[in-house]
Every structure is written in structure tokens, then in C-alpha cells.
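Enquirer: Input: one structure, supplied below.
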Amino acid sequence: MKKWVLLGVCALLLLAGWRPVPREPEGLALVRVLGVDGSGPVELTAVCGGEDQKEPDRGRSAGADFGGTLEILPWSGEEELSLTSVSYIIVGRDVDLRETLLAVLRNEELGATATVWLAEGGAAALLGACGDPASGLDLLTRREAGAPTAAEALARLERGEPLSLPLLAGKQPFLIDWEEWRAGYEQ
């Protein structure tokens, strides 16, 4: 009888729409924007964000290659940084874009849906000047800036097709123009 009562209560809770609310662990900041500069050494800049944060947490790491630098990035901020919510990847012109995108797609946390943008003066400089770059990029996306995802950008590079990236500048990133990625950028 007790078993049926317990099953009935569980069924009522499910029917009522109750479900546990997922929570972020204490002391964990979600990275929304990832900046990449250089092809060796590589410098990564992470900016967390969200509508509930007044001043986003930031992190910065440098290393010989993208993969190794990415491994140390989570411990470079005031809080532990989580890469599971990266929506935007901003690259400088000195990035080996093909290798960076391959590493992004191979990384279980980053995923293929983050959009790729080009920073006029480098990603670290752009993100260092921005208060909350994610909100500016959200606005550009809603205005149909149409940046390619990491998967789309890599597919175009692999097929030898032209790849145009939105070119950003400013303290609150704004779209300057579209610029075709040139093999000459890559080192």
C-alpha cells in the first residue's frame, strides 16, 4: 500500500509540472564570450555574463597552443569558469582559425553552436574595453548579424569556400563590416 501511495504522489507531482530546478554550483561562473588571439603562443580571454550580473567575471590565460591554454582557463578568474555556455567566439586576425575551430569542435564543453566573430584590434583588446560584450553580441544577433557557427565556419574552410566574419570594434561591440577570412591571416 505504501508503494502505491508513493507512486501516486510522484505521479501527482509530475502531472502538476513540478521538477527540480537546475542550479549552478556555488562559485562557478558561466563564460558567454571567448576571445582568441595568436596561433602560438595563444592568449584566451573569457568573459562571463548574464542579465543578473552587474560586472561580469573575467579570466585570461596564455600558453603554447589552444588546447593547453583552454585547460588552464577555468581557474584564471575570481571564480571557477565554466565553458559550457560559450555563445560567442571572437578571434583576432593572428589566429590559426582552422586549428582553433577544430579544437573547439573536439572540446566537449564548447560545442559547435557558438558563433564566430572577428575583432578589428584583437580579441583581448576588444573584450578588455567592453563592460558586457555578451549583451552587445546578443543585440547584434537579434538584428540578424548572422555570424557563422564554429561548425559552419570550419566546414567552409575545409571546402575551400569563402568565409566572411562580422568585424567588431568599440567598447560595446558594434558591427563595422563583414570581412572575408584570408589564408594570409593565418600564421
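The values are calculated or read from the model by the stated rules, or taken from the named source; none is laboratory data. Since we're looking at a predicted model, the values are computed, not measured. All Cβ positions, even for glycine, are placed from backbone atoms using ideal geometry, and neighbour counts span all protein chains on display. These area figures cover heavy atoms from the full protein model, side chains too; ligands, DNA and RNA do not enter into them. Shrake-Rupley method; radii C 1.70, N 1.55, O 1.52, S 1.80 Å.
Enquirer: Which trypsin sites (Lys or Arg not before Pro) in the range 105-143 pass both tests, a DSSP loop state and at most 11 other beta-carbon atoms within 10 Å?
Expert: ARG143
Enquirer: Leaving ligands, DNA and RNA out of it, report the carbon-plus-sulfur percent of the accessible area of the range 36-187 at a 1.4 Å probe.
Expert: Of all accessible area on the range 36-187, carbon and sulfur atoms account for 47 percent.
Enquirer: In the range 38-142, which GluC sites (Glu not before Pro) are in a loop and have at most 13 other Cβ atoms within 10 Å, using DSSP for the loop call?
Expert: Qualifying residues, ordered by number: GLU51, GLU78, GLU108, GLU109.
Enquirer: Per residue of the range 57-68, what does 6.51 cos²θ - 1.76 cosθ + 1.60 with θ = phi - 60° give for ³J(HN,Hα)? Whole Hz please, x for Gly and Pro, Karplus curve as stated.
Expert: 6, 9, x, 8, 9, 9, x, 5, 9, 4, x, x
Enquirer: For the range 119-169, what is the accessible area per residue in Å², given a 1.4 Å probe and the full set of protein chains?
Expert: Ligands and nucleic acids excluded, the figure is 43 Å² per residue.
Enquirer: Still on this structure, I have one more. In sequence order, what are the phi-derived ³J(HN,Hα) couplings for the range 70-86 according to the Karplus relation 6.51 cos²θ - 1.76 cosθ + 1.60 with θ = phi - 60°, rounded to whole Hz, with x for glycine and proline?
Expert: Values per residue, Gly and Pro as x: 5, 5, 8, 4, x, 9, 9, x, 5, 10, 5, 9, 9, 8, 6, 10, 5 Hz.
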